[in-house]
Amino acid sequence: RTRVRSMGDLGSIDDAFDAALNLEESHIDEGWEDGLREGEKLGLIDGREVGFAKGFEIGQEIGFYSGCHAVWSRCVGEDPGCFSERARRGIAAFGEMLRSFPIHDPLNEEILETLNQVRGKFKTVVALLGMHHEYNDAVGDQPTVTF
């Protein structure tokens, strides 16, 4: 039996074809949104892991510098004449830098700049103490923090 189509039937056929053609686009959009959500989750996890590792490296380096400062300060306390006046001032300034280091403020945007200043002061104090050879190897063993 042959069916005669009316103009209303043609509209529903066109709608069906439009839906079929838009199916791929809707799946792409849905996949994009799913991927974006998953990417955000994975980015948070990866960011947390990298941040933890970098924070540990910075803490380890600051701990090394604090240990050096503690030894030098004790030497100055027991024998003030063991280092020059300039070296003693450098040791004191180095200690102040270490005490003001924002170790408990990981969101501080200037933490890397401050760390570079601490590194520079450490090198200056080592030079003033005439201990280049003793500390060059030790500093070389410290992890290099790069971002």
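The values are calculated or read from the model by the stated rules, or taken from the named source; none is laboratory data. Keep in mind that this is a model prediction, so the values were computed, not measured. Backbone-built Cβ (ideal geometry, glycine too); neighbour counts: all protein chains shown. Calculation scope for accessible area: heavy atoms of the full protein, side chains included, ligands and nucleic acids excluded. Shrake-Rupley method; radii C 1.70, N 1.55, O 1.52, S 1.80 Å.
Residue count for the range 66-76, restricted to those that are touching a residue at least 60 places away in the same chain (Cβ under 8 Å) and either among the small types (Gly, Ala, Ser) or open to solvent by 60 Å² or more (accessible area, probe 1.4 Å) (or both): 0. Taking the criterion of being charged (D, E, K, R) and outside any helix (DSSP H, G or I), the residues of the range 72-129 that qualify are Asp79, Asp105, Glu109, Glu110. For the range 88-118, which residues satisfy the criterion of being under 20 Å from Glu49 (Cα atoms) and either open to solvent by less than 50 Å² (accessible area, probe 1.4 Å) or among the basic types (Lys, Arg) (or both)? Listed by number, the residues that qualify are Asn108, Ile111.
Residues of the range 77-109 being among the aromatic types (Phe, Trp, Tyr) and in contact (Cβ under 8 Å) with a residue 40 or more places away in the chain, which ones? Scanning the range 77-109 gives a single hit, Phe83.
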